[in-house]
Amino acid sequence: MKANKWHVLNAYFDKIYILTIPRNEKRRLFLNGHLEGLNYEYFYGVDGNGLLPLDPEGTADYDYQAMKAHNQEICAKYLKIPAKAIVHQNEIACSLSHRLIYQDMVDNGYERALILEDDVACIDANLPFLSEALNSLPADWEMLYLGYELNFAFDGPMGFKQQLISLLYHAGIRTEAVSNKYVSYPKRVSAHLKVAGVHTNTEAYAIRRSTAQKFIAWQSPVQWIADHLLMDVCARQKIKAFLVHPKIFMQNKKEFESSIWTKA
């Protein structure tokens, strides 16, 4: 039964990566049981501890000042929170690691890949909705969120606010604030598929090989925090991005603290 529940993901994707680093052994032990039957491979990325001390002028691998500038832009424009004064070494390492996966995908000719992070957990109750979402994808899709946070509620106060923003936008009231909010919200395609808006996190998303090539170009050198790049290209409609609703994966915050803010 465990193996059977993954048959849609196993059949649809050429490759399923789980991004991890050597010190996250407890996470891998959990996933070995939690994802039993899923045809995944652990991909060992960059540990931020190995990047210290950070070079404020950047290196051939990352442009520190560009990362700071893009972080400030995303925080002001979409997240509406003050940007941190620094970019953490683990944020840089995370971005470098995702770029390595993009390169591996291109080098090996994988056409469709699912990328999971090692703090992921599956929401089993939502797995039955996956087939409808995948069948509703257009042939030229480029990215698909299977896990995400921010701007995805469709009822209650969030739903009302989204309707109000949509009415203002379509009435021609397109101030910067209205326009930024309008592109932040996902748009319905089918019962379980939405056009992506602006969403945080990279715990579970899928891309095409052509998308990986674009991400490599935009991250050479790395100049975006990993999920900020996805947010920006979705908001600017630089790629055709979608999300599964309700989401299939989430961050396993109950079991694990984010590696972004830990050193050991």
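Of everything listed in (1) touching a Lys or Arg at 6+ places or on another chain (Cβ under 8 Å); (2) more than 17 Å from Phe13 (Cα to Cα); (3) exposed (fewer than 14 other Cβ atoms within 10 Å of the Cβ), the single unmet condition for Pro138 is (2). When the helices (runs of 4 or more DSSP H) confined to the range 171-263 are screened for residues that are outside the structural domain of Tyr110 (by TED's automatic domain parsing) and at negative phi, those reaching at least 3 such residues are found at 176-184. Checked against the criterion of being among the polar types (S, T, N, Q), more than 20 Å from Lys253 (Cα to Cα) and not in a loop (DSSP other than H, G, I, E, B), the candidates Asn10, Asn39 yield just one match: Asn10.
Taking the conditions exactly as written (at pLDDT below 95 and either under 25 Å from Leu146 (Cα atoms) or not aromatic (Phe, Trp, Tyr) (or both)), does Thr20 satisfy them or not? No; evaluated as a whole, the condition is false for this residue. Checking each residue in the range 71-89 for being more than 16 Å from the chain's Cα centre (by Cα) and polar (S, T, N, Q) picks out Gln72, Gln89. Scanning the range 101-129 for residues that are in a helix (DSSP H, G or I), surrounded by fewer than 16 Cβ atoms within 10 Å (Cβ to Cβ) and either touching a Phe, Trp or Tyr at 6+ places or on another chain (Cβ under 8 Å) or without any contact (Cβ under 8 Å) to a residue 60 or more places away in the chain (or both) yields Asp107, Ala125, Pro128. Selection of the range 213-235 for residues being out of contact with any Leu (no Cβ under 8 Å at 6 or more places or on another chain) and either modelled with pLDDT under 95 or surrounded by 20 or more Cβ atoms within 10 Å (Cβ to Cβ) (or both) yields Gln223, Trp224, Ile225, Ala226, Asp227, His228, Leu229, Leu230, Met231, Val233, Cys234, Ala235.
In the set (1) among the aliphatic types (A, V, I, L, M); (2) surrounded by 13 or more Cβ atoms within 10 Å (Cβ to Cβ); (3) under 17 Å from Phe129 (Cα atoms), the condition left unmet by Ile16 is number (3). Could you tell me whether the range 45-60 includes any residue that is modelled with pLDDT of 95 or more, closer than 30 Å to Arg208 by Cβ, in contact with a strand residue (DSSP E or B) (Cβ under 6 Å, 6 or more places away or on another chain) and not aliphatic (A, V, I, L, M)? Within the range 45-60, one or more residues are modelled with pLDDT of 95 or more, closer than 30 Å to Arg208 by Cβ, in contact with a strand residue (DSSP E or B) (Cβ under 6 Å, 6 or more places away or on another chain) and not aliphatic (A, V, I, L, M).
The set of residues in the range 49-98 that are of a type in the set (Phe, Trp, Tyr) and either assigned to a helix (DSSP H, G or I) or closer than 18 Å to Val198 by Cβ (or both) comprises Tyr64, Tyr78. Is there a residue in the range 41-62 that is touching a Leu at 6+ places or on another chain (Cβ under 7 Å) and over 21 Å from Gln103 (Cα atoms)? No, the range 41-62 contains no residue that is touching a Leu at 6+ places or on another chain (Cβ under 7 Å) and over 21 Å from Gln103 (Cα atoms). Quick check: anything in the range 90-103 farther than 17 Å from Gln219 by Cβ and in the same structural domain as Val222 (by TED's automatic domain parsing)? Within the range 90-103, not a single residue is farther than 17 Å from Gln219 by Cβ and in the same structural domain as Val222 (by TED's automatic domain parsing). As a summary of the residue check, Leu229 satisfies the conditions (1) within 24 Å of Lys80 (Cβ to Cβ); (2) free of Cβ contacts under 8 Å to residues at least 24 places away in the same chain except for the one numbered (2).
The values are calculated or read from the model by the stated rules, or taken from the named source; none is laboratory data. Only a predicted model underlies this, so the values are computations on that prediction, with no experimental measurement involved. Using ideal geometry, Cβ is built from the backbone for each residue, glycine included, and neighbour counts are taken over all protein chains shown.
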